[in-house]
Amino acid sequence: MKVHLLSLGCARNLVDSEEMLADLRKNQQEICENPENADVIIVNTCSFIESAAQESVDTILELARLKKEGACRCLIVTGCLPERYRESIAEEIPEVDLFLGTGAFDRIAEAVSGTLPSSASRCILPDPDAIAAPGPDLLRISTSPHTAYLKIAEGCSRHCTYCIIPRLRGKQKSRRPETILTEARRFLESGVKELVLVAQDSTAYGTDLRESGTESAGLASLLTSLSDLSAKLAPENRIRVLYGHPESIHGDIIRVMAARENICSYYDLPVQHAADSVLKKMGRHHSRKDLCRLFEKIRKTDPHAVLRSTVIVGFPGESDTDFAELLDFVREIRFDHLGAFTYSDAEDLPSHGLPRHVPKKTVQERLDRLMNLQKEISEEKNQDYLDKILKVLIEELPEDNVAEGRTAFQAPEVDGMVFVHHRGSVKTGEFVQVKITDSLEYDLVGDALV
């Protein structure tokens, strides 16, 4: 049977998709890149915010036409969309044959082969909290030959009022360190050049394990072990951490990241806002002063630190004064990379019931002002790299004599890139020394020194 899987949403979703692909191949299913030739189409969905949910629905409906026009005989939807909207989504999209929630990824092979029990519902939605963290026998088909996402935990135990993730994924469940190391070894031995650690709250990794008696479990310890393993198997490779949290990144983590050459000094810490009144309504337990102290500590401990964050604009009750404070905070910290999102409302969010929702026009104006400020900061920071020689991982060769790659301070998908001029002398998946000759708003341009 030919199976096509389309993965939507973040890198954590991509890991789930890669695990399902491996499970399907293990069960003798043929993976098909072209959905028009597939007997079964799977859409692994995201519904974190309204726009993501709408993209998921639009994609499903677009692919559903292949049940009439193509070879498709079965359309399966997995992940966050069915988990969030439950049985109601099945009523809204009758074109879909089967829905699997976030706790049912392990049923994908049965779903495709048609061996689910006859009593099985059209919506299979096990409690995500009842699903254990993956063990050492986990297999994945990496969709990138050079970069691999390594999920170190599932779920989140926080209660931010704007976030649906704990309901979709359950409480935090950290994987055992030895299990992560086993998977990391497989990736490194297969030629992967960058390991990217991901979770809903990466810097809180191991908190639940320590509570159950695994004393050494924590991100600092895990990073040390991964650094040692990578140095032994692939000395030039690098490790990156995404999706940290300001309240769970402690001094031991910062010290390890600063001291280890093969760990990127890249601190991805979404702050969401800077005005104390807004942070309190968001369910965040830190203040602007706490954030300033944290970033000062990071930069003092790790002089090469690169800071990335995300913020939400237009949260209910955000006043002109609150937004002005956010702008002032961004000017003060001068993030190397900053993502901004407009508040996405939904009736199933605690924040929905908060008073004084901000008009959409005002929200968009604030977003534009914020991103114009960050564009100026990014341009100024990129100019600091002019005439410097940087180590770049080559990822694409889109045209003759021009390659695209990333430095240690550029994460895949979310940051800028380096456009590398060369004389046919570089290959994808290799590290190249590049002299920076020009800087753009978010990207860099340089010449390969080979």
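The values are calculated or read from the model by the stated rules, or taken from the named source; none is laboratory data. Since the structure is predicted, the reported quantities are computational estimates derived from the model, not experimental observations. As a convention, Cβ positions derive from the backbone with ideal geometry for all residues, glycine included, and neighbour counts pool all protein chains shown.
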Residue 252 meets each of (1) under 30 Å from residue 432 (Cβ atoms); (2) free of Cβ contacts under 8 Å to residues at least 40 places away in the same chain with one exception, condition (1)
Subset of region 263-290, residues without any contact (Cβ under 8 Å) to a residue 40 or more places away in the chain and buried (at least 20 other Cβ atoms within 10 Å of the Cβ), comes to 279
On the basis of being touching a residue at least 12 places away in the same chain (Cβ under 8 Å), surrounded by fewer than 19 Cβ atoms within 10 Å (Cβ to Cβ), in a strand (DSSP E or B) and not charged (D, E, K, R), does residue 6 make the cut? yes
Region 47-65 - residue that is crowded, with 18+ Cβ neighbours inside 10 Å and β-branched (Val, Ile, Thr) and, of those, farthest from residue 80 (Cα to Cα): 60
Out of all the residues in region 247-261, which are buried (at least 19 other Cβ atoms within 10 Å of the Cβ) and in contact with an Asp or Glu (Cβ under 7 Å, 6 or more places away or on another chain)? 254, 257
Considering only region 97-128, how many residues are more than 19 Å from residue 21 (Cα to Cα) and either hydroxyl-bearing (Ser, Thr, Tyr) or buried (at least 23 other Cβ atoms within 10 Å of the Cβ) (or both)? 3
Taking region 82-96 as the region of interest, how many residues are buried (at least 19 other Cβ atoms within 10 Å of the Cβ) and either part of a helix (DSSP H, G or I) or at positive phi (or both)? 5
With the condition kept exactly as written, say whether any residue in region 107-114 is under 30 Å from residue 392 (Cα atoms), outside the structural domain of residue 167 (by TED's automatic domain parsing) and either touching a residue at least 40 places away in the same chain (Cβ under 8 Å) or not polar (S, T, N, Q) (or both). no
Which condition number in (1) at pLDDT below 95; (2) within 24 Å of the chain's Cα centre (by Cα) is the one that residue 235 fails? (2)
Could you tell me which numbered condition residue 19 fails, if it satisfies all but one of (1) within 30 Å of residue 344 (Cβ to Cβ); (2) touching a Leu at 6+ places or on another chain (Cβ under 6 Å); (3) in a helix (DSSP H, G or I)? (2)
What number of residues within region 325-344 are buried (at least 17 other Cβ atoms within 10 Å of the Cβ), of a type in the set (A, V, I, L, M) and either modelled with pLDDT under 95 or closer than 21 Å to residue 356 by Cα (or both)? 2
Only one of these conditions is not met by residue 289: (1) of a type in the set (Lys, Arg); (2) in a helix (DSSP H, G or I); (3) closer than 24 Å to residue 172 by Cβ. Which number is it? (3)
Selected residue (only one of 197, 181, 168, 188 is touching a residue at least 40 places away in the same chain (Cβ under 8 Å), out of contact with any Gly (no Cβ under 7 Å at 6 or more places or on another chain) and in a strand (DSSP E or B)): 197
Answer yes or no: is there a residue in region 368-388 that is among the acidic types (Asp, Glu), under 21 Å from the mean Cα position of the chain (by Cα), in a loop (DSSP other than H, G, I, E, B) and modelled with pLDDT of 95 or more. no
Positions within region 230-256 being closer than 14 Å to residue 195 by Cα and part of a helix (DSSP H, G or I), in sequence order: 230, 231, 233
What pairs come out if I take residues in region 291-311 that are assigned by TED's automatic domain parsing to the domain that holds residue 241 and pair them with residues that are in a helix (DSSP H, G or I) whose C-beta lies under 6 Å away, six or more apart or interchain? 295/333; 298/254; 301/254; 301/258; 302/258; 305/298; 305/299
Restricting to region 22-36, count the residues that are under 11 Å from residue 112 (Cβ atoms) and crowded, with 16+ Cβ neighbours inside 10 Å. 3
Of (1) assigned to a loop (DSSP other than H, G, I, E, B); (2) basic (Lys, Arg); (3) under 30 Å from residue 238 (Cβ atoms), residue 308 satisfies every one except (1)
Within region 209-227, can you find the residues that are out of contact with any Gly (no Cβ under 9 Å at 6 or more places or on another chain) and in contact (Cβ under 8 Å) with a residue 40 or more places away in the chain? 223, 225, 226
